[in-house]
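The values are calculated or read from the model by the stated rules, or taken from the named source; none is laboratory data. Here the structure is a predicted model, which is why all the values come from computation and not from measurement. Virtual Cβ from ideal backbone geometry, glycine too; neighbours counted across all protein chains shown.
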């Protein structure tokens, strides 16, 4: 059922009306009695405190003008209305008269059996709960009425303090004096949280059973009522057996309360529960979850909850749909490597506009957004920051390093093939992702300079100032790392990633209008050299599985025991990062070049299909290889005519000293990894990506 973008204020139910003055006086008298009892129990000081607290409580009469938060309208980057989303989740208001009586009865039996008798606070329930808690030496149960639960949801926080509980009780009594039982029950049934970001029995019925609450059976109503106390844990989508247990308890209680017959009880207990596939109430959920997170950051919690925003996003629906599909369809392949999760982020390095963001392989199974919420060690994808620091400090692609045994206070890095390669150029070392030269280079430059390069690129996560960070031992989010690579793709301009281009309020006022900052953070000549090396990674190095038939640059990354695998790469118009691994860090059998690069290639072929092929703009450093030597565009890529940066120089296939077996090392080797299926996607000669430590 489509949801309206705006909600009308809650109004009196037909025929119910406001309570008469005599009834209001009765409730006030009972309230005073309740206050007197509490005052006597707490003493004169406590009574005074109650009076002060009572005077400071919000006036429940504001419910007369209370409106459910308005939905936010979400637009694509082309300006097409994509969906409407509530700031507080999905809810579909329904009138009490449209909710079957057995649905109402199920909730009352499950949550507040004396709802129709008490005046907001169930004194008998409180006494019973106090006795049980005292008997068990702790809090094992409460006695919050439906009215109190409603008060807590509308006016109070969820903190567990005596002050909050007293305020909750006083407000509940006040609410009952103002509104009828049917009105309170309608508000409760429309606002109760039922898991999966869903509020109210109507929306929950759609999410779990694919039908309106009007058509719920007794068995289905009892299951919904049973999960109210712990909807995330007892969700039948995640814990069906637990949901069935509480369903049985509710059904038996309903029979005990004479709300259903024994025959209806038996029939309901035998009725099979048919759940519909869990689907979000909006498309592209990982991306839009990030949009809502960003919106909250921009407007603040109060205005965010109010809703009514028009949010113009940077979403490319076609690219997003393809990204979701490729991660889902590629799952069997990455599982063969031992990885069960993956994420992808793609953005325009010229503007920072995020075109697609996928935080996992299946949103229905896990809403955790690994694209921006998970920080993982980045492995060798950090190495470009080391080499860019070298280029910024006077070195060039021809500069050489010695690849040989080395120890830094007991830390002994090693290469994946457990061999030393003698004198190598910076181009060779980065192309083949050599560890020892990288650590030597970082030590020569100083990690302070290297970290400064990462910060200038936009990395905000903590980076340990030790040499292991040169090989990616520090943690970052995929979004953070991908945006940082954007400054390589655009020639040295810092990229500020955003999923929101503009925000307009309900009155048409523009609150936020994004203009890409143009802050140059790296010399273009330095970035040109880095782009040459990172193109060689795809053309000849550890990232050949990412080749897309046009100029592209990128870097593989693999952490110790392949806990995390990465590939981040780019063309001048688009930068994309891919991560694969497991939520609970555990060893896999692949590397960034074999696990993530094929995903990157498939996505980039689709995402760039309408973009013209462009080479990277090359600017020669003042005393380094000429622009033609440094260029890695198709017509000027390294060839035998430019032997100074010819990739065949790397002496991987010639005899070289092997690392002695008795030399301890922090870094285990990783053998060459082959694609288990479709070997044409990863040639046998492709070098493996090494672990970082």
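Looking only at residues in the stretch 219-228 that are part of a helix (DSSP H, G or I) and in contact (Cβ under 8 Å) with a residue 60 or more places away in the chain, which one is surrounded by the most Cβ atoms within 10 Å (Cβ to Cβ)?
Taking the stretch 219-228 first, the residues part of a helix (DSSP H, G or I) are 219-226.
Among the residues that remain, those that are also in contact (Cβ under 8 Å) with a residue 60 or more places away in the chain are: 221-222, 224-226.
Values: 221: 28, 222: 33, 224: 27, 225: 29, 226: 28.
Per the criteria, the residue is 222.
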Checking residue 575 against (1) touching a helix residue (DSSP H, G or I) at 6+ places or on another chain (Cβ under 9 Å); (2) surrounded by fewer than 24 Cβ atoms within 10 Å (Cβ to Cβ), the condition it does not meet: (2)
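Let's see how each residue does on (1) more than 34 Å from the chain's Cα centre (by Cα); (2) part of a helix (DSSP H, G or I); (3) modelled with pLDDT of 85 or more:
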residue	(1), (2), (3)
124	yes, yes, no
129	yes, yes, no
142	no, no, no
159	no, no, no
184	yes, yes, yes
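Which residue out of 474, 487 is under 21 Å from the mean Cα position of the chain (by Cα), over 21 Å from residue 294 (Cα atoms), touching a residue at least 24 places away in the same chain (Cβ under 8 Å) and crowded, with 20+ Cβ neighbours inside 10 Å?
Working: 487 fails: under 21 Å from the mean Cα position of the chain (by Cα).
Criteria check complete, one pass: 474.
On the given criteria, is residue 536 in a helix (DSSP H, G or I), within 25 Å of residue 446 (Cβ to Cβ), touching a helix residue (DSSP H, G or I) at 6+ places or on another chain (Cβ under 8 Å) and touching a residue at least 40 places away in the same chain (Cβ under 8 Å)? If you could, list the steps in order and put the result at the bottom.
Numbers: in a helix (DSSP H, G or I): yes; within 25 Å of residue 446 (Cβ to Cβ): no; touching a helix residue (DSSP H, G or I) at 6+ places or on another chain (Cβ under 8 Å): yes; touching a residue at least 40 places away in the same chain (Cβ under 8 Å): yes.
Taking the combined requirement at face value, the residue does not satisfy it.
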Residue satisfying all of: in the stretch 229-239; surrounded by 15 or more Cβ atoms within 10 Å (Cβ to Cβ) and either touching a strand residue (DSSP E or B) at 6+ places or on another chain (Cβ under 9 Å) or not in a loop (DSSP other than H, G, I, E, B) (or both); modelled with the lowest pLDDT among these: 231
Test set (1) in contact with a strand residue (DSSP E or B) (Cβ under 6 Å, 6 or more places away or on another chain); (2) surrounded by fewer than 23 Cβ atoms within 10 Å (Cβ to Cβ); (3) touching a residue at least 40 places away in the same chain (Cβ under 8 Å) - residue 349 fails condition number: (2)
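Inside the stretch 300-399, counting only helices (runs of 4 or more DSSP H) that do not spill past its ends, which hold 3 or more residues that are at pLDDT below 95?
In the stretch 300-399, the matching helices (runs of 4 or more DSSP H) lie at 301-306.
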All positions within the stretch 362-397 that are farther than 23 Å from residue 532 by Cβ and in contact with a strand residue (DSSP E or B) (Cβ under 6 Å, 6 or more places away or on another chain): 370, 371, 375, 376, 377
Residues of the stretch 71-94 satisfying the condition of being touching a helix residue (DSSP H, G or I) at 6+ places or on another chain (Cβ under 6 Å), at pLDDT 75 or above and within 23 Å of residue 355 (Cα to Cα): 76
